[in-house]
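Note sheet for the following structure.
The values are calculated or read from the model by the stated rules, or taken from the named source; none is laboratory data. Since we're looking at a predicted model, the values are computed, not measured. When we count neighbours, we look across all protein chains shown, and the Cβ atoms used for this are built from the backbone with ideal geometry, even at glycine. Remember, those area values only see protein heavy atoms, side chains included, never the ligands or the DNA or RNA. Shrake-Rupley method; radii C 1.70, N 1.55, O 1.52, S 1.80 Å.
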Amino acid sequence: MKATPLSNCERRFLLRAIQEKKRLDGRQCYDYRNIRVSFGADRGCCIVELGRTRVLAQVSCELVPPKPSRPTEGVLFFNLELSPMAAPGLEPGRQSELLVSLNRLLERCLRDSKCIETESLCVVAGEKVWQIRLDMHLLNHDGNITDAASIAGIVALCHFRRPDVSVQGEEVTVYTPEERDPVPLSIHHMPICVSFAFFHQGTYLLVDPTEREERVMDGLLVIAMNKHHEICTIQSSGVVMLLPDQILRCSKITAVKVAEITELIQKALENDQKARKEGGKFGFAESIPNQRITTFKMESAAVDTNDVEEQAGEIIAKADPPSEVFASPVVHTPGTAQIGEGIESSWGDLEESEKEEAAEEEGESEAAAFECEKVETEDTSTLKETKSDEPIVLSDSEEEEVVILEPQELPRKTRTQTSIKQENPSKKAFNKRRRKKRTSR
């Protein structure tokens with residue numbers, strides 16, 4: 001699914017706002033969005049929120065053979081995934097140009113900058129080393145994926161702990177966290193990316209562009225730097241030609257932003273470490289504010305119960321006395337009643353159509369009863385007129401028994417008949433037709 005393109009009106013509006021040094025979210029040109037770091041229950045798992053851009057990072061490790069060219073160094077692997085869950089324009093399982101460029105930039109920022117001591121990951125030279133795998137997943141895309149992913153990656157690496165190992169001869173023992181405390185990675189510095197967006201052929205500059213601002217920008221400059229003012233990598237893209245003065249100005253801004261972000265990361269790591277040592281609450285669920293769990297949740301407040309009776313007496317004294325007039329019940333039809341004001345109830349009244357149907361049913365039942373009585377009298381007369389040498393077969397309905405009478409043992413009357421009053425009109429009419437057919441024979 002392709003992303004929704006910007007209309008010409010939106011494009012002109014954004015460019016006009018940038019010319020007036022205004023942004024849609026109210027920030028200044030060199031302001032960053034709010035950065036929020038939350039850690040998971042496991043080591044090496046974190047979520048970084050840069051405004052509404054969210055990136056999930058997870059670090060894992062395993063023992064693998066080293067590379068033949070570097071037998072005493074560990075292996076670092078970085079992977080960033082973009083899914084349609086973050087933005088409709090992103091396609092799953094496809095190596096787009098954006099994804100390839102982001103992965104290469106993150107590899108240069110984290111691996112080529114030598115921020116992690118790879119020799120400390122060696123267990124047995126030439127045989128077994130630790131492979132550190134960093135997987136990042138974009139949860140929501142609102143611009144500046146590079147900065148959010150670089151912050152999430154370095155935070156997850158600093159938060160991760162690998163299992164402790166011991167080597168006795170050729171035997172390698174990996175200890176569980178219960179047996180020995182896990183060992184943190186040896187990290188020399190924290191490289192962090194800062195993105196700059198250029199507009200109108202480099203005339204205007206914005207820090208930390210949003211998704212809409214990225215659509216109308218002419219060029220993008222990314223600088224990765226640590227708090228020691230050391231540039232780890234730099235990348236420029238787009239159709240804009242940058243001057244040396246512009247790059248120097250961007251590097252000075254990057255130094256200030258990196259120092260602020262590094263301090264925020266260290267503070268977040270210290271708070272999480274303190275919560276884990278003290279046995280406090282930690283994890284993604286505990287990082288959610290109370291207002292997002294339920295709207296009606298409020299903090300407990302103390303209630304003063306002193307002088308409650310006196311206050312209640314004052315309120316009762318000031319209140320108006322109750323009225324002594326009671327409404328008389330109004331009976332509209334038998335079985336219904338109404339007290340006070342309201343619309344009259346017509347529940348007991350029958351409509352004209354219902355009255356007509358009731359009258360027709362009564363007439364049909366009376367006619368059916370009269371015909372049944374008439375048929376009974378005819379049946380008794382026919383029984384008397386039958387010849388004495390012929391057997392008599394009595395069968396009025398399906399519910400009646402069939403009795404064959406011989407001439408020698410002819411009783412006066414043998415008949416089992418259901419009550420006519422209990423039969424419905426349709427059954428009575430059916431019995432009537434049966435009797436007429438039998439008498440005609």
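Filtered by the rule that a residue be farther than 19 Å from Phe199 by Cα and either open to solvent by 20 Å² or more (accessible area, probe 1.4 Å) or among the polar types (S, T, N, Q) (or both), the stretch 235-259 gives Lys252, Val256, Lys257, Ala259.
A quick yes/no check of all residues on (1) at negative phi; (2) over 27 Å from the mean Cα position of the chain (by Cα); (3) not β-branched (Val, Ile, Thr):
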site: Leu80; (1), (2), (3): yes, no, yes
site: Glu91; (1), (2), (3): yes, no, yes
site: Ser96; (1), (2), (3): yes, yes, yes
site: Leu102; (1), (2), (3): yes, yes, yes
site: Lys114; (1), (2), (3): no, yes, yes
site: Glu117; (1), (2), (3): yes, yes, yes
site: Ser120; (1), (2), (3): yes, yes, yes
site: Arg133; (1), (2), (3): yes, yes, yes
site: Ala149; (1), (2), (3): yes, no, yes
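In this structure, Thr173 does not satisfy being of a type in the set (Ser, Thr, Tyr) and either open to solvent by 50 Å² or more (accessible area, probe 1.4 Å) or under 26 Å from Ile223 (Cβ atoms) (or both). Residue-level check: of (1) loosely packed, with under 14 Cβ neighbours inside 10 Å; (2) under 22 Å from the mean Cα position of the chain (by Cα), Asn34 misses just (2). In the set Val155, Val167, only one residue is surrounded by 14 or more Cβ atoms within 10 Å (Cβ to Cβ) and either at pLDDT 90 or above or among the aliphatic types (A, V, I, L, M) (or both); that residue is Val155. Of all residues in the stretch 66-78, none are open to solvent by 30 Å² or more (accessible area, probe 1.4 Å) and touching a residue at least 60 places away in the same chain (Cβ under 8 Å).
Residue by residue, here is whether (1) at pLDDT below 85; (2) under 24 Å from Arg161 (Cβ atoms); (3) aliphatic (A, V, I, L, M); (4) in contact with a Leu (Cβ under 7 Å, 6 or more places away or on another chain) holds:
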site: Lys252; (1), (2), (3), (4): no, no, no, no
site: Ala255; (1), (2), (3), (4): no, no, yes, no
site: Asn290; (1), (2), (3), (4): yes, no, no, no
site: Gln338; (1), (2), (3), (4): yes, no, no, no
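In the condition set (1) of a type in the set (Val, Ile, Thr); (2) buried (at least 18 other Cβ atoms within 10 Å of the Cβ); (3) within 23 Å of Ala224 (Cβ to Cβ), Val100 is compliant with all but (2).
Check the stretch 219-234 and report whether any residue there is out of contact with any helix residue (DSSP H, G or I) (no Cβ under 9 Å at 6 or more places or on another chain) and either surrounded by 15 or more Cβ atoms within 10 Å (Cβ to Cβ) or of a type in the set (Ser, Thr, Tyr) (or both). Scanning the stretch 219-234, I find at least one residue that is out of contact with any helix residue (DSSP H, G or I) (no Cβ under 9 Å at 6 or more places or on another chain) and either surrounded by 15 or more Cβ atoms within 10 Å (Cβ to Cβ) or of a type in the set (Ser, Thr, Tyr) (or both), so the answer is yes. Looking only at residues of the stretch 12-31 that are among the charged types (D, E, K, R) and under 21 Å from Arg52 (Cα atoms), we find that the one that is farthest from the chain's Cα centre (by Cα) is Lys22.
Filtering Arg54, Arg70, Arg36 for residues that are among the basic types (Lys, Arg) and within 16 Å of Thr210 (Cβ to Cβ) leaves a single hit, Arg54.
Determine which member of the set Ile247, Ile234, Ile261 is under 19 Å from Ile47 (Cα atoms) and modelled with pLDDT of 85 or more. Just a single option satisfies the conditions, and that option is Ile261. Of the numbered criteria (1) surrounded by 13 or more Cβ atoms within 10 Å (Cβ to Cβ); (2) over 18 Å from Ser60 (Cβ atoms); (3) free of Cβ contacts under 8 Å to residues at least 60 places away in the same chain; (4) not acidic (Asp, Glu), the one Phe199 fails is (3).
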